[in-house]
Amino acid sequence: MDASRREKRAHGTQGFPFQIYSAPEAQDSDLVPYHWHPEMEIITVLQGEVGVAIGDQQYVGKSGDIFFVGAGQLHEIRGGVGNLFRAFVFPMDFLEFRRADIAQSQLLGPLADGVLRFPPYVARDTELGRELFSELKKMIRICADQSFGHQLLVKSSLLYIIGLVAAARELTQHPMQPKEEYRTQLLREIVEYLGEHCIERMRLTEVAARFGLSPQYFSTFFKENTGRSLIQHLNFLRIERASRLLRETDQPILEISLSVGFENVSYFIKRFREVYGCTPTDYRRTVCSRGPVL
């Protein structure tokens, strides 16, 4: 399953639909191109700086910063070598109560329906950020211990996080407008198509025509919502695929360059350096020599 479209993988198990992903486990890469899923996701940075895009908003998170990604929101994570993060993924209805009460009707239900939304970004140097980061770190320990009843402890932590954000008055009303629904669906379809065909030759006119748009409107729409041009996004997807091949295979650099859609190896190395800050050879050497992620 390519990371740049809707995920169809199961997060957790049917009996306990909750999963914590470390940087390499997040689609087996420290770069996770634009994708979306029906579950909620909380991302926290443990080390270094991690780029996070949520919809058309771009952020750079430092150690302890926290990001909330709502169900169905397009998002992207750019970790890179030496930068660590954790992603907590779960469906909102996982937290709903069997018996309706005020918490259910005023918080959990509206959050599950997307009428209420979390703040996309909370800095650790705020009181709320420090409390959230502490609770997320506690959840990591709980899941690592796997003691009897740890599932209930995880659920209570998630509910506590919602309570903290609500008490800080950081939840916002967000009724979906028809225009926003159209824009979101169109962007999902474009991102999915590009993720599936990124190693092929693509022309702007052909891609735009596929979605019934003029090249100019497509370019403007795509840049406004992703912060990249079409070619920049395609190169990013190709570099992400190349990074996986560098980690998982012994293929020569030239062979990898050609297999992911770069016809010129010098151009491939230049673009790779822009994303990772090093050459493909140095990346392979660094990744293969580093120990397991904490």
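The values are calculated or read from the model by the stated rules, or taken from the named source; none is laboratory data. Because the structure is predicted, anything quoted here is derived from the model rather than measured. Virtual Cβ from ideal backbone geometry, glycine too; neighbours counted across all protein chains shown. Calculation scope for accessible area: heavy atoms of the full protein, side chains included, ligands and nucleic acids excluded. Shrake-Rupley method; radii C 1.70, N 1.55, O 1.52, S 1.80 Å.
When Cα Rg over 2.2 N^0.38 Å is calculated for this entry, the matching label among [x] 1.04; [y] 1.12; [z] 0.94 is [x].
When the residues ARG238, ARG284, ARG141 are ordered by accessible surface, computed with a 1.4 Å probe over the protein chains alone, the sequence from largest down reads ARG141, ARG284, ARG238. Heavy-atom accessible area with a 1.4 Å probe sorts ARG86, ARG210, largest first, into ARG210, ARG86. Taken over the chain, lysine pairs spaced eight or more positions apart, or on distinct chains, with alpha carbons under 29 Å apart number 14.
Once both labels are positioned 7 Å from their Cα atoms along Cα-to-Cβ, the gap between ASP101 and ARG210 label points is 5.0 nm. Residues in segment 53-61 carry Karplus couplings, in order, of 10, 10, x, 9, 9, 10, 9, 10, x Hz; the curve used is 6.51 cos²θ - 1.76 cosθ + 1.60 with θ = phi - 60°, and Gly or Pro positions show x.
Across all Cα pairs in segment 205-252, the calculated P(r) in 5 Å bins from zero up to the longest distance comes to 5, 20, 19, 19, 12, 9, 9, 7, 1 percent per bin. Accessible area per residue (1.4 Å probe, heavy atoms of protein chains only) ranks SER257, SER63 as SER63, SER257, with the largest value leading.
Evaluated on segment 26-176, the Kirkwood hydrodynamic radius is 15.9 Å, with distances taken between all distinct Cα atoms. Eigenvalues of the alpha-carbon gyration tensor of segment 123-241, scaled by 5 and square-rooted, set the equivalent ellipsoid semi-axes at 40, 20, 14 angstrom, largest first. In the elastic network of the chain, a GNM with C-alpha springs shorter than 10 Å, the most mobile of ASN83, ASN264, ASN235 is ASN264. Using a simple spin-label model with pseudo-atoms 7 Å out from Cα toward Cβ, ALA123 and SER229 lie 3.3 nm apart.
The charge dipole of the chain, taken about its Cα centre with unit charges on the Cβ of Lys, Arg, Asp and Glu (plus for the first two, minus for the last two), comes to roughly 320 debye. Would you mind calculating the gained length between VAL265 and LEU152 on full extension (0.36 nm times residue separation, minus the Cα-Cα distance), in nm to one decimal? That pair, VAL265 and LEU152, stretches by 35.5 nm at full extension.
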